[in-house]
Amino acid sequence: MRRVNIAIDGFSSCGKSTLAKQLAHHLGYTYIDSGAMYRAVALHAMESGLVRNGALDLPGLLGVLGSLDIGFKYDDEVQRSTTWLNGRNVEGMIRGMEVSRHVTLVSPVPEVRAKLVSLQKALGAQGGVVMDGRDIGTVVFPDAEVKFYMTASTEVRARRRFLELTGRGEDVDYATVLENIRQRDEDDTRRKADPLRKAPDAIEIDNSDLSAEEQFQLALGHVARAIGEKAEA
Ligand code: DC
């Protein structure tokens, strides 16, 4: 039986990756964090001097975009997938506030999106993928058998992100994290290219008051139904 694809979209720090990893683990599917790919492009731009005074050198980025090699490798030691950029493990580097601050310089660029969307489509071509992002149910896998659109209040999301960053030892204050989330929400919904939208056939889950386990059980019920329906079809 062909395995289905599961698309999970929503604002930043909505618990998308927590749910995606739980579902992938339970179903034996591959989890793909599409945001990591945009973060890797942002990291490359920052490291190559293509971001100056908060502005992107667009012609410079377009000049190197074709040669950027972005992908994922499973790390046996930490038992999870890690993000690679031009032969280098950049998993740790792409998660910090500096990359979060600059990622919306590169994510609205249509050429960046075209390249990453085509890589993402290829990763899901055989099915059996759980991918999270902003445009997965609308653009990357418009035919995904299961689509979730996740929401939570801005304050709940900022609190989660703050705890995640400080838990990793990053020196940030809550107000900065909240402001970054607000800014990215606006950037993600207002951009012209593939903005964050709920796909008409997506199931919306507001997890402001749900534990990770409650959310997982809720989502799993939907997935089980979709897989069952597909098996019967
Ligand atoms: O999910 P995340 O916060 O790690 O994503 C980082 C940024 O990348 C986010 O601000 C928006 C962008 N992004 C996107 O435009 N499309 C996606 N499919 C995933 C992420």
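Some notes on this structure:
Listed here are the residues, each with its yes/no results for (1) closer than 20 Å to Val109 by Cβ; (2) modelled with pLDDT of 95 or more; (3) surrounded by 15 or more Cβ atoms within 10 Å (Cβ to Cβ).
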residue	(1), (2), (3)
Leu123	no, yes, yes
Gly133	yes, yes, yes
Val140	yes, yes, yes
Ala152	no, no, yes
Glu164	no, no, no
Thr189	yes, no, no
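- You will find that of Asp209, Asp171, the residue that is of a type in the set (D, E, K, R), more than 20 Å from Ser17 (Cβ to Cβ) and more than 14 Å from the ligand (Cβ to nearest atom) is Asp171 and no other.
- Positions within the stretch 86-130 being in a strand (DSSP E or B), farther than 30 Å from Glu145 by Cα and in contact with a strand residue (DSSP E or B) (Cβ under 8 Å, 6 or more places away or on another chain), in sequence order: Asn89
- Within the stretch 171-185, residues that are of a type in the set (Phe, Trp, Tyr) reach partners that are within 15 Å of the ligand (Cβ to nearest atom) and part of a helix (DSSP H, G or I) with beta carbons closer than 8 Å, at six or more positions or on different chains, in the pairs Tyr174/Ala158; Tyr174/Phe162.
- 2 or more residues within 22 Å of Leu210 (Cα to Cα): qualifying helices (runs of 4 or more DSSP H) within the stretch 1-84: 16-27
The values are calculated or read from the model by the stated rules, or taken from the named source; none is laboratory data. Everything numeric here is computed off the predicted structure, so don't read it as measured data. Quick reminder, even Gly has a Cβ in these numbers, built from the backbone with ideal geometry, and neighbours come from all protein chains shown.
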